Amino acid sequence: MQKNVLKALEEKLGDQNILTGEKLNDRYSHIWEMDKPLNAKAVLFPKSTIEISQILKICSAFQQSVVVHGGLTNLVGSTECSSDDIVIAMEKMNSIEEFDELGRTIIVQAGVILEHIHQLVEEKDLLFPMTFGAKGSAQIGGVISTNAGGLRVFRYGMTRNLILGLEVVLADGTVISSMKKVIKDNSGYDLKHLFIGSEGTLGVITRAVLKLQQKPKSRNSAFVSLNDYKKVLELLRFVDSALPGVVSGYEILWERNFIAMTSQPSMLSPPLPYGYSYYILLETLGGNQNKDYIDLENILAEAFEKEIILDAAIAQSSKNQELFWQIREDVDVLVSQCKNVQNFDVSLPVSEIGNYVDLVFEKLDNIPEVENYFAHGHVADGNIHFLVGKMHNDASLTKIINNIVYEPIKKLGGSISAEHGIGLHKKEYVSFCRTEEEIDLMKRLKHSMDPKNILNRNKIL
């Protein structure tokens, strides 16, 4: 079977577009594990939707399992594979096919790097607002297949809010192409949403039409310190009321997080003194740099007078602003301080976050094998990330920590995954935030669209 499927694929793609054997040693399944050679049957490098269709027709005929690789920044095991899997690497499908400045849309292949989209559209005073720390390596196909969130969800929404059209290849090789550049299309089921966030289990995303925004003429950022979580929410409401539609980011760092990201081994300096419980990094995007800066300055001054905040620092230049956001985005600094790191990405009602994180911290403190932990997130949209460093990776310890983080989610009506997906690592806990009926319907959809179960096998469900 192995020889036959590889031979059939080689005849279609050519041997220059297939890696097998020792040639896989330079590949990997995640950018944090580049020292671990890829364990797979082969890696394929298609250059077009037609080639992906041919690949999947062959794999379907041989019931060959397939895993798609993009930028490999996924944190839930969606890109992990075994020696039985064939990997489709999207890096050669990296063309920007059309850029409609007046219509404010862009058509891209799935392998295009997110940051490259940012750079191109910003030259024409446009903005693709989806952004996060891994933007320099994340591919847009992976961004879409995981329905990524990021730093500006509060204003612009998740990835699915930024997708107008999509092209996908199904498990049997059928190409579903709906590359419309319209916002309104109420002609039956909106099929693209089946694939956005499905982590490659229902089809392989090949091309997309992205919706762009006008690039704001101003950007201002500030760090603010507080000691009371209720004040965190009061400040959000206060600023959003004073600057309606202008607040684009509202990030929270707990003190231990803030200290870790602004002290050795980090090269960054703290814009505010240590000693506060919470640090908020907020961003505004507007139409007049000087006016918007003064408005933000006045609003924070008023918040200080009203005793909502305890201290604040506004970025004085674009360079200063980038340093502010580097404090929030440079998660590698935290990872370097966590042996055997365990990542979490949960969402819950914003009013519950303060007590929830306190409870999780308290329980982690009582586990001797836990050496370090951090929390930060997009508090305005209810999304908190945890990183937990531990002495070892024993399954029993992993499960204890999972239960500490996930158990309260059921009662609070939240989700075990706000933006990273389910993959392999979270599927045991899907029932914490999905009903039996929802899970059954997802299984029926999977079976209907991929009856041979070849696409990202055993992921999510």
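Taken together, the values in this text are just the output of simple stated rules run on the coordinates, not laboratory data. Because the structure is a prediction, the values reported are computed rather than measured. Don't worry about glycine lacking a Cβ; one is built from the backbone with ideal geometry, like all the others, and counts go over all protein chains shown.
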* Residue separation times 0.36 nm, minus the C-alpha to C-alpha distance between Asn288 and Asn453: what's the value? -> 54.1 nm
* Structure fact -> Whole-Hz Karplus couplings 3J(HN,Hα) for the stretch 106-111, θ = phi - 60° and coefficients 6.51, -1.76, 1.60, Gly and Pro as x, run 9, 10, 9, 7, 5, x
* To do: Set Lys and Arg Cβ to +1 and Asp and Glu Cβ to -1, take the dipole of the stretch 2-92 about its Cα centre, and tell me which of Asn4, Cys81, Met34 lies farthest positive.
  => Asn4
* Pairwise centroid distance, computed over Cα atoms, of the stretch 391-439 with the stretch 25-58, Å -> 28
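Please report the net charge: other residues with Cβ closer than 12 Å to the Cβ of Ser177, K and R +1, D and E -1. Mind dumping the intermediate values first?
Numbers: positive: Lys180, Lys192, Arg207; negative: Glu167.
Once all neighbours under 12 Å are counted, the net charge is +2.
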* **All Cα pairs of the stretch 302-353, percent lying beyond 15 Å** => 71
* For Leu166, Leu323, what's the fewest-to-most ordering of other Cβ within 10 Å of each Cβ? -> Leu323, Leu166
* Order of Val350, Val108 from fewest to most other C-beta atoms within 10 Å? -> Val350, Val108
* Order of Leu210, Leu272 under a 10 Å beta carbon neighbour criterion, fewest first -> Leu272, Leu210
* Viscosity 1.567 mPa s, temperature 4 °C: Stokes-Einstein D of the chain from its Kirkwood Cα radius, in µm² per second? -> 55
* **the stretch 70-141 and the stretch 294-359: distance between their alpha carbon centers, rounded to Å** => 26
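Relative to the present Cα-Cα distance, how much length would full extension add between Glu407 and Glu255 at 0.36 nm per residue of separation?
Roughly 52.3 nm would be gained on extension.
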* **Mean residue ellipticity (222 nm) of the chain, computed from DSSP H runs ≥ 4 via -39,500 (n - 2.57), nearest 500** => -9500 deg cm²/dmol
* Structure fact -> Label model pair Ser48, Asp35: point-to-point distance (7 angstrom along the Cα→beta-carbon line) in nm is 4.3
* **Dimensionless Rg ratio for the stretch 47-197, taking C-alpha atoms and the 2.2 N^0.38 Å reference** => 1.06
* Asked: Once amide H atoms are placed 1.01 Å from N in the peptide plane, what residues at a sequence separation of 5 or more from Ala42, or on another chain, have their amide H within under 5 Å of its amide H?
  -> Val87
* Residues in the stretch 60-89, backbone N under 12 Å from the label point at Asp172 (7 Å along the Cα-to-beta-carbon vector): list them, ranges by number please. => 60-61
* Structure fact -> Check: in the stretch 293-417 the Lys pairs 8 or more apart or on separate chains whose Cα atoms fall under 16 Å apart number 4
